[in-house]
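Inspection log for the structure reproduced underneath, given as structure tokens.
The values are calculated or read from the model by the stated rules, or taken from the named source; none is laboratory data. The model shown is predicted, which means the values in this text are computed figures rather than measured ones. Cβ sites come from the backbone with ideal geometry, for glycine too, and all protein chains shown count toward neighbours. All accessible areas refer to the heavy atoms of the entire protein, side chains included, with ligands and DNA or RNA removed. Shrake-Rupley method; radii C 1.70, N 1.55, O 1.52, S 1.80 Å.
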Amino acid sequence: MTRTVITTDNAPALVAPLSQGARKGPILQVSGQLPLAPDTGEIVGTTVAEQTTQALRNVSAVLKAADADLEDVVMLRVYLTDPAHLGPMPLRYGSAGWGLVMRMACVPVRVGCGPRRCSARLSW
């Protein structure tokens with residue numbers, strides 16, 4: 001089976017030498033996404049809800065580049081800098097209107113986004 005690297009200008013470029021996504025056969029892996037604007041690389045939003053929404057937009061862009069969408073996602077890993085953010089995070093109750101039904105693992109972390117501070121990072 002051939003591995004295909006997925007890239008798009010509609011999601012932020014990764015600072016590390018990693019791909020935004022990769023597909024091998026029917027399996028698609030999307031690299032973790034931060035709440036960064038694709039064009040500027042700046043953090044979007046100040047609340048966990050705003051930042052989660054931007055990270056989902058970035059994931060959606062990578063999925064679209066791979067001819068997939070959020071309906072195809074079966075596992076989500078969320079890294080939160082404060083466990084208290086789980087409640088207001090829009091994925092928690094589907095309040096973002098994304099219609100996501102999947103398994104979610106939430107991992108509290110103490111790291112930000114390098115010199116920038118963000119509340120949520122999504123990994124698919």
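Looking only at the stretch 1-19, which residues are part of a strand (DSSP E or B) and hydrophobic (A, V, I, L, M, F, W, C)?
VAL5, ILE6
What number of residues in the stretch 14-28 are exposed (fewer than 15 other Cβ atoms within 10 Å of the Cβ), on the phi < 0 side of the Ramachandran plot and at pLDDT 90 or above?
Here the count works out to 3.
Residue by residue through the stretch 33-83, note down the ones that are in contact with a helix residue (DSSP H, G or I) (Cβ under 7 Å, 6 or more places away or on another chain) and at positive phi.
GLY45
What are the pairs, 6+ residues apart or on separate chains, where a residue within the stretch 48-74 that is farther than 15 Å from ILE27 by Cα has its Cβ under 6 Å from a residue that is part of a helix (DSSP H, G or I) and open to solvent by 30 Å² or more (accessible area, probe 1.4 Å)?
Going by the 6 Å Cβ cut-off, the qualifying pairs are VAL48/HIS85.
Looking only at the stretch 20-32, count every residue that is farther than 19 Å from LEU56 by Cβ and either assigned to a loop (DSSP other than H, G, I, E, B) or touching a strand residue (DSSP E or B) at 6+ places or on another chain (Cβ under 8 Å) (or both) and tell me the total.
Qualifying residue count for the region: 5.
Which residues, taken from the stretch 47-69, are modelled with pLDDT under 85 and open to solvent by less than 20 Å² (accessible area, probe 1.4 Å)?
Passing the criteria: VAL48, THR52.
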